Amino acid sequence: MLRLGLWSDKTVRDTLLDRTHLGKIVIGKTKGNGHKKRPKDADGVVMIDQKDWKEYQGLHEAVKTQEEHDFILMHLARKTKMVKRSTSKTIYPLTKILKCGLCGHFLGFQQRQERPVEVRKCWYTDPYGVRCPNMAVSMVQINAAVQQAVEEQIRDVELKITSVDANRIEHLKNKLIELNRGVTAKERALEKEQKAFQADIYTVDEYKAIVLKLKGSITALNNEIVATKTEIKFLEESSSAEKLNVLLEFKRLIVNPDLTYEMQNELYKTILECVEYKRTEAGGIELNILFK
Ligand SMILES: [Zn+2]
């Protein structure tokens, strides 16, 4: 894409409006030996009307499409009306989290004096100049809905832990106890067989075979212990258990009155993927809250 910010206005205009960037080469711009770089007013060179130019599409690769060209023309035409966005860098609690539920763009915020933060009406204007109709709303309303959603999410995650993960973890921990008992039993057997061998009960070959078999069993049990411990660790750290910890930590910290908006924003980002907001026709608000 073309990066407008880096160029001077004139360069941008000249480059963007240059029709050769569309992959069209204009032939017959001047009559006579125009292609030999003669001055336009030189003898034998006559300027002709743009509409009479023959355009040959596709003779070289286009750097922009016809659509982009039209879009750029439109923007240049109403450049005076264009307002630079995000002049203030203030970060609000839901900056880069709260999105417009109609057009999907992140929404802006403002705060007048000691009043609550307000979500500004959607700033987005489509390429045809149509402004997104999503309305402004007080953060008080958004906050209430988000806090309620957090509570519901905590309940959901807790439910998941008790019904799935906790049962599995308990089962694995019992299995681990059994496996350890198994190892102890085999080691005792090994000691017993050693004494039997010393008492000349077995031949060397018989004893070797018994030891080999017992040691093989112990190795197998130890491998299973490692695998079980890994699964327990995974279940405890990942998934719902960890998710619940993050949510509870969020709930504990977010009420701290000393948090700046920026710190609140960081905190919200630990649990929220995004929040989509839209004003309903009845004047209510509709939120779609996506948790991480
Ligand atoms: Zn919008």
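Name the long-range amide H neighbours of residue 291: under 5 Å, sequence gap of 5 or more, or other chain; modelled H, no Pro or chain starts.
273
Can you work out ³J(HN,Hα) from phi for every residue in the stretch 126-135, in order, using Karplus 6.51 cos²θ - 1.76 cosθ + 1.60 and θ = phi - 60°, giving whole Hz and x for Gly and Pro?
6, x, 9, x, 8, 7, 4, x, 5, 8
Using a Förster radius of 41 Å, what is the FRET efficiency between residue 191 and residue 251 based on their Cβ-Cβ separation? Nearest 0.05, please. Write down the numbers at each step before the final one.
On the way: r = 54 Å, r/R0 = 1.33.
So, using R0 = 41 Å, E works out to roughly 0.15.
Got a sec? How would 139, 263 order by Cβ neighbour count within 10 Å, fewest to most?
Fewest-to-most Cβ neighbours within 10 Å comes out as 263, 139.
Taking the Cβ of residue 138 as the centre, find all other residues whose Cβ is under 13 Å away and add up their charges (Lys, Arg: +1; Asp, Glu: -1).
Working: positive: 112, 115, 120, 121, 279; negative: 118.
Taking every other residue near residue 138 into account, the sum is +4.
Greater than 25 Å separation of Cα atoms is the criterion. Which listed pairs, 121/251; 89/243; 229/269; 175/195; 192/215; 213/233, meet it?
Details: 121/251 29 Å; 89/243 31 Å; 229/269 32 Å; 175/195 31 Å; 192/215 14 Å; 213/233 31 Å.
Table pairs above 25 Å Cα-Cα are 121/251; 89/243; 229/269; 175/195; 213/233.
Let's test the formula: R0 of 25 Å, r as the Cβ-Cβ distance of residue 145 and residue 166. What FRET efficiency results, to the nearest 0.05?
Values: r = 30 Å, r/R0 = 1.20.
Calculated transfer efficiency: 0.25.
Around residue 285, which amide H atoms from residues at least 5 apart in sequence, or from another chain, sit under 5 Å from its own amide H, with H modelled in the peptide plane?
Excluding prolines and chain starts, which carry no amide H, the hits are 280.
Stretched out fully, how many nm does the piece from residue 269 to residue 198 gain, at 0.36 nm a residue minus the Cα gap? Provide the component values of the computation, followed by the final result.
On the way: separation 71, 0.36 × 71 = 25.56 nm, distance 6.81 nm.
Result: 18.7 nm gained on full extension.
Every number here is computed from the coordinates shown, using simple stated rules; none is lab data. Just so it is clear, the structure is predicted and the values come from calculations on it, not from any experiment. Cβ coordinates were reconstructed from backbone atoms using ideal geometry, including for glycine residues, and neighbour counts include every protein chain displayed.
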